[in-house]
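Below is one structure, written out as structure tokens; comments come after it.
Rule-based calculations on the coordinates, nothing more; no lab input. This structure is a prediction, so every number in the text was calculated from the model and none was measured. A quick note on method: Cβ atoms are made from the backbone with ideal geometry, for glycine too, and the neighbour counts reach across all protein chains shown.
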Ligand SMILES: Cc1ncc(COP(=O)(O)O)c(C=O)c1O
């Protein structure tokens, strides 16, 4: 009989196999100092473009003060137990009411983490008779939620309305046999390339097909829409989103997440969401911190305005310099370059070591072979000087990529 661990000794997995080359630098890097536009990486000052602190709340003095006071008042244990048993408080309820109001829904329910909460939400919304139709590029939390589903599921081509419709037809036929319903799942903003989910066109399909829509708006919440209520508000279809989901991990610079929907749906979910029924309640310090952050989202429109000043300067500056930033419709700013994985590594080293720019790099197999994706997250803490410095650096690295410098450098490393 085989040892269970044999496969682990043999194969570290698609990412793990790069550990000896990449760990500590390309993966698991240690960014040090307070979360802001400039931090330290391996002792050097870097402009950070890889932290989802969109509104700059992570290190805002008012937020830090409330976090510290809540920590001191409640400690990190309170409340103990799952919401249903002994972990429920008025402040949890208050936060839910305020979140629901902010995203224009009747009710909301807190989740301890976005990832786990989304998995659980999908699990609670469907039975084996139902069919799920979801975007092929959906976030891992959606994919993993769908994996729990005992019934049929169809993916549609990324953000492709024709493909959604084709799959809705298939799903409709299927549910005629199973007697179930259809759940469509998309993201409000796709976090890798920044396009918005085509919510307006998707909800228009409700005229012809009977389905419910669940939207993961992790990147849209706080950054899009007139009031910051997200991609649904931006596209004028918030009312047609049946279950709205967002995490506190981005604009809110915290931990936790929530779903919002009609009261009857939330009342059902709160008795059926296994991630909340069988796990300890969101800790009070996070609840109090989220109340403060939400209040700032509501009352300080300048945070979003500052964010968009930086987003617009960065995106238009890149475009003016001839960079391909794809089809982003959000703050997420991808920069597409052509080159091999070793060239990408040399390029990122150059960016970090010689230009003091820290951004995430995405290569094959996440993007097609030969594509280097530098993914940048602008925030309200960045300055126009940060943008200018970055644009100059990007022009320099593009020149070096095109004149073969990185090819030579990476060949030298391989030869070593
Ligand atoms: C689109 C999307 N959904 C869900 C999550 C998971 O949220 P959390 O970090 O709160 O688990 C993330 C990442 O944070 C995300 O980008």
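Structure values in brief
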quantity: Antiparallel content of DSSP bridges confined to the chain, in %, to 5; calculated: 60
quantity: Anisotropy class of the stretch 61-299 from Cα gyration tensor, a/c 1.5 cut; calculated: prolate
quantity: Sites residue 5 and residue 34 - FRET efficiency at Förster radius 60 Å, r taken between beta-carbons, to 0.05; calculated: 0.90
quantity: Relative contact order [Cα under 8 Å, 6+ residues apart], the stretch 200-331, whole percent; calculated: 19
quantity: Protection proxy ranking, peptides 15-21, 205-211, average beta carbon neighbours within 10 Å, highest first; calculated: 205-211, 15-21
quantity: Degrees separating the helix 90-102 axis from the principal Cα axis of the chain, which is the longest one; calculated: 70
quantity: Calculated [θ] (222 nm, deg cm²/dmol) that DSSP helices of n ≥ 4 give over the chain, each run adding -39,500 (n - 2.57); calculated: -13000 deg cm²/dmol
quantity: Shape call, the stretch 363-408: gyration tensor on alpha carbons, a/c limit 1.5; calculated: oblate
quantity: Rounded to whole Å, sorted largest first: equivalent-ellipsoid semi-axes of the stretch 171-222, Cα gyration tensor; calculated: 26, 11, 8
quantity: Convex hull of the chain built on C-alpha atoms - directionally averaged projected area, nm²; calculated: 23.4
quantity: Ranked by how many other beta carbons lie within 10 Å on average, peptides 279-290, 330-341, 36-47 from highest; calculated: 279-290, 330-341, 36-47
quantity: Ratio Rg/Rh, restricted to the stretch 252-410 and using Cα atoms, in which Rh is the Kirkwood radius; calculated: 1.10
quantity: Nitroxide proxy distance, nm - points 7 Å out along Cα→Cβ at residue 144 and residue 210; calculated: 3.4
quantity: Helix axis angle, 341-355 relative to the chain longest principal axis, alpha carbon, degrees; calculated: 80
quantity: The stretch 171-206 versus the stretch 1-18: alpha-carbon centroid distance in Å; calculated: 36
quantity: Tilt relative to the chain, helix 161-178 - C-alpha long axis, 0 to 90 degrees, to 10; calculated: 30
quantity: Percent antiparallel among DSSP beta bridges (both partners in the stretch 61-299, rounded to 5); calculated: 40
quantity: Within the stretch 274-297: backbone nitrogen closer than 17 Å to the residue 69 label point (7 Å, Cα to C-beta); calculated: 284-297
quantity: Contact order relative to length of the chain, as percent, for alpha carbon pairs under 8 angstrom and 6 or more apart; calculated: 20
quantity: Calculated P(r) tail over 18 Å for the stretch 61-168, as whole % of Cα pairs; calculated: 67
quantity: Packing-based ranking, highest mean first, of 176-189, 111-124 given that Cβ atoms within 10 Å are counted; calculated: 111-124, 176-189
quantity: Prolate/oblate/rounded call for the stretch 159-308, Cα gyration tensor, a/c under 1.5 rounded; calculated: oblate
quantity: Expected-Rg normalisation [2.2 N^0.38 Å, Cα atoms] applied to the stretch 19-81; calculated: 1.49
quantity: Whole-angstrom gap from the stretch 353-368 to the stretch 232-250, using each part's C-alpha centre; calculated: 30
quantity: The stretch 61-299, relative contact order [Cα under 8 Å, separation at least 6], %; calculated: 29
quantity: Additional length obtainable on full extension of the chain from residue 392 to residue 173, 0.36 nm per residue less Cα span; calculated: 73.3 nm
quantity: Viscosity 1.002 mPa s, 20 °C: Kirkwood-radius Stokes-Einstein D of the stretch 261-302 over Cα pairs, µm²/s; calculated: 172
quantity: In Å, descending, principal axis extents of the Cα set of the stretch 129-183; calculated: 29, 27, 10
